[in-house]
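The values are calculated or read from the model by the stated rules, or taken from the named source; none is laboratory data. Quick caveat, the model's predicted, so the values are computed rather than measured. No Cβ is skipped: glycine too gets one built from the backbone with ideal geometry, and neighbour counts run over all protein chains shown. We work out accessible area using only protein heavy atoms, side chains counted, and drop any ligands, DNA or RNA first. Shrake-Rupley method; radii C 1.70, N 1.55, O 1.52, S 1.80 Å.
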Amino acid sequence: MIDALAAVRDGEVIGLPTDTVYGIGADPFNPEAVARLFDLKGRPEHKPVGVLVGNLDQAEEIADIYDEAAHLARIHWPGALTLVVRPKVVMADWVGDKALRTVGVRMPDHPVARELLIEFGPLAVTSANESGGAEAMSDVEARRVFGERIRVYLEGTAPGGAASTVVDATGAHLVVLREGPVEI
């Protein structure tokens, strides 16, 4: 864990297990780190990434989590639910959708991820795969994809095996943007 924290603080991309799929993450407030994340993945710039948080307090510091969004967070977090909400802070380009003024926020239900997030703070995270490829489910699979291009891989597997449910909570009514493990 110490190596992962040091790597993120140094602006590096790290690998981390979550409850859905194995991910790669970077400091969402560091533009160079987020650019590295996109370069590694080969992700198009028009596809923003979301943010993982370690607890509800972190989520509320970076985004407007209230009303129905807060209700869903209390019921389904930690877990496989991403809430698309309005950001309260400025994050690096490609973290959230700047044009729509939204960001996806999720609290994973994985002890390794939560420990890292509670210690470091929010991370910009996406699935550990090259854009369009199959998602890695473990540090071993992620290492096969990225090799030494990622300095630290936290050990672990993603028991969920499916991407999170995504719900837009920015309007008058909740809108499910992607079906997933959590039923809304």
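Relative to the Cα centre, the charge distribution of segment 21-63, modelled as +1 at Lys and Arg Cβ and -1 at Asp and Glu Cβ, gives a dipole magnitude of about 320 debye. One chain, two ends: Asp3 and Val140. Fully extended at 0.36 nm per residue, the span grows by 47.6 nm beyond their Cα-Cα distance. Run down the aspartates and glutamates and flag those whose C-alpha is under 19 Å from the C-alpha of Lys88, throwing out any fewer than 8 positions away in its chain. Answer for Lys88, where 19 Å is the Cα cut-off: Asp27, Asp57, Glu60, Glu61, Asp64, Asp67, Glu68, Asp97, Asp168, listed by chain and number.
Apolar share of the accessible surface for segment 25-129: 49 percent from carbon plus sulfur atoms, 1.4 Å probe. Taking every DSSP beta bridge that has both ends in the chain, the antiparallel portion is near 70%.
Filter the GluC sites (Glu not before Pro) in segment 100-184 down to the DSSP loop ones having no more than 15 other Cβ atoms within 10 Å, then list what survives. Passing both the DSSP loop test and the Cβ count: Glu130, Glu155, Glu179, Glu183.
A dipole drawn for segment 1-121 from +1 and -1 charges on Cβ atoms has a positive end, and of Leu81, Ile14, Gly54 the residue lying farthest that way is Leu81. Since only Pro122, Thr157, Ala169 are under comparison, the one whose Cα sits farthest along the positive direction of the charge dipole of the chain, derived from C-beta charges on Lys, Arg, Asp and Glu, is Ala169. Mind checking the angle between helix 31-41 and the chain's longest principal axis? C-alpha axes, 0 to 90 degrees, to the nearest 10. So the inclination is approximately 70 degrees. Here segment 124-184 and segment 1-45 have alpha carbon centers that stand 12 Å from each other. Put a dot 7 Å past the Cα of Glu61, heading toward its Cβ, do the same for Arg151, and the two dots end up 2.2 nm apart. Here the sum of -39500 (n - 2.57) over DSSP H runs of 4 or more residues, divided by the residues of the chain, equals -8500 deg cm²/dmol at 222 nm, to the nearest 500.
Within the shell of other residues whose beta carbon sits under 12 angstrom from the beta carbon of Ala73, the net charge comes to -3, with Lys and Arg scored +1 and Asp and Glu -1. Between Ala163 and Glu45, the simple label model (points 7 Å from Cα in the Cβ direction) yields a spacing of 2.2 nm. The stretch between Lys88 and Ile184 holds 32.1 nm of extra length on full extension. This uses 0.36 nm per residue minus the Cα-Cα distance.
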